[in-house]
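Please read the structure below before turning to the comments.
The values are calculated or read from the model by the stated rules, or taken from the named source; none is laboratory data. For clarity, every value in this text was computed on a predicted model and none was experimentally measured. Ideal geometry is used to build each Cβ from the backbone, glycine not excepted, and the neighbour counts take in all protein chains shown.
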Amino acid sequence: MAMQDINQGKNTTTHTYQGLGPSLLMPTWLMIGIFLVLPVLMMLVYSFLTKEFRGGVIWEFSLNAYDQFIFDRGLFGDDPPKMEWTYIGIFWRSILQAGIATLLCLLIGFPTAWFIATRVGNSKSIWLFLITIPYWVNLLIRTISMKFLIRENGPANEFMMSIGLIDAPLQMINTNFAVQLGLFYSYLPFMVLPIYASVERYNFSLSEAAADLYSSQWVTLRKIIIPTVKPGIIAGCILVFVPSLGAFLAPDLLGGAKSFMIGSLIEDQFGGQAGNWPFGAAVSMILLSMVLIVLTFYARLQSRRAS
């Protein structure tokens with residue numbers, strides 16, 4: 001009798017909201033349209049416009065922004081076109097920096113997530129709380145604090161000199177190391193949390209069964225644990241790699257001219273001295289296309305494996 005009442009209640013609820021799906025999703029679609037689709041469309045349109053001398057755009061169709069990214073036509077634009085390796089080099093540097101940051105976050109984030117997921121009682125909540133504490137502070141403030149920490153007369157150099165590890169302060173600001181440190185510090189929780197969610201659902205009896213079959217810890221990790229928690233690892237890598245690829249605070253504040261990345265290039269076109277909005281929009285669209293291609297390839301690969 002009780003089961004009949006429960007089923008009747010479910011049927012009543014289903015009947016009440018039947019046909020209201022599009023209406024219930026309207027606020028979500030409205031937010032996505034205004035704050036995601038519309039800005040992207042604006043960038044797409046701006047990338048095909050003409051640069052205004054004092055900044056802004058002239059509403060005349062032009063492919064100069066994309067041509068500027070690929071070809072070098074000299075100072076006045078009348079030289080024979082040559083391949084423009086400067087911006088391509090910035091893209092490759094950004095991909096390399098984001099890849100290294102993702103790898104570092106994975107190497108530190110996986111054991112951290114495993115440690116948290118294997119705690120007992122309320123200690124899990126405490127450790128997760130500690131992981132998310134840095135996000136209570138604005139990213140700009142955290143990056144400036146990192147710059148203060150690793151400067152020549154900062155606490156990091158003073159500590160290493162006090163223990164005799166170095167004799168003179170190290171130059172860490174305006175280096176690739178500083179950029180990597182900033183990216184790692186900024187996005188490490190993005191790696192820890194998805195892996196933690198996967199490890200928490202892991203069936204530890206599989207590891208016990210592998211140990212009973214005389215499997216080493218390395219073999220168990222490589223053939224059982226990692227394949228099982230692979231969705232969390234991939235999700236964490238995507239969540240770290242994508243924002244690292246377009247980051248500009250860490251390269252601007254911690255790096256120098258040799259650490260210039262895509263995000264810095266885009267920011268300089270809109271807010272810096274360059275004032276070339278169409279070129280900044282074109283670079284943004286190229287970056288967006290790269291990310292979408294990678295994500296689409298991954299989605300198709302996952303669907304093929306699932307089928």
Inset, instruction - Pick out the one residue from Ala65, Ala101 that is closer than 30 Å to Pro227 by Cβ and buried (at least 17 other Cβ atoms within 10 Å of the Cβ). - result: Ala101
Legend entry - Near pairs, Cβ below 9 angstrom, 6+ apart or cross-chain, from the stretch 114-129 (within 18 Å of Gly236 (Cα to Cα) and assigned by TED's automatic domain parsing to the domain that holds Ile226) to any residue that is among the acidic types (Asp, Glu) and at pLDDT 90 or above: Ile116/Glu200; Ala117/Glu200
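I'm trying to understand the selection: among the residues of the stretch 55-105, which are among the charged types (D, E, K, R) and either in a loop (DSSP other than H, G, I, E, B) or in contact with a Lys or Arg (Cβ under 7 Å, 6 or more places away or on another chain) (or both)?
In the first step, residues of the stretch 55-105 are kept if they are among the charged types (D, E, K, R); the result is 60, 67, 72-73, 78-79, 82, 84, 93.
The answer is Glu60, Asp72, Arg73, Asp78, Asp79, Glu84.
Going through the stretch 141-182 one residue at a time, which ones are among the charged types (D, E, K, R) and either in contact with a His (Cβ under 7 Å, 6 or more places away or on another chain) or under 23 Å from Phe248 (Cβ atoms) (or both)?
At the first step, the residues of the stretch 141-182 found to be among the charged types (D, E, K, R) are 142, 147, 151-152, 158, 167.
Of everything in the stretch 141-182, those that are among the charged types (D, E, K, R) and either in contact with a His (Cβ under 7 Å, 6 or more places away or on another chain) or under 23 Å from Phe248 (Cβ atoms) (or both) turn out to be Arg142, Lys147, Arg151.
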Inset, instruction - Quick one: Leu170 ticks every box in (1) assigned to a loop (DSSP other than H, G, I, E, B); (2) over 30 Å from Glu267 (Cβ atoms); (3) in contact with a helix residue (DSSP H, G or I) (Cβ under 9 Å, 6 or more places away or on another chain) except a single one, so which number is it? - result: (2)
Legend entry - Breaking point among (1) of a type outside the set (Lys, Arg); (2) buried (at least 18 other Cβ atoms within 10 Å of the Cβ); (3) assigned to a helix (DSSP H, G or I), for Val219: (2)
Inset, instruction - Within the stretch 94-102, identify whether any single residue is aliphatic (A, V, I, L, M), in the same structural domain as Met261 (by TED's automatic domain parsing), touching a Pro at 6+ places or on another chain (Cβ under 9 Å) and modelled with pLDDT under 95, and answer yes or no. - result: yes
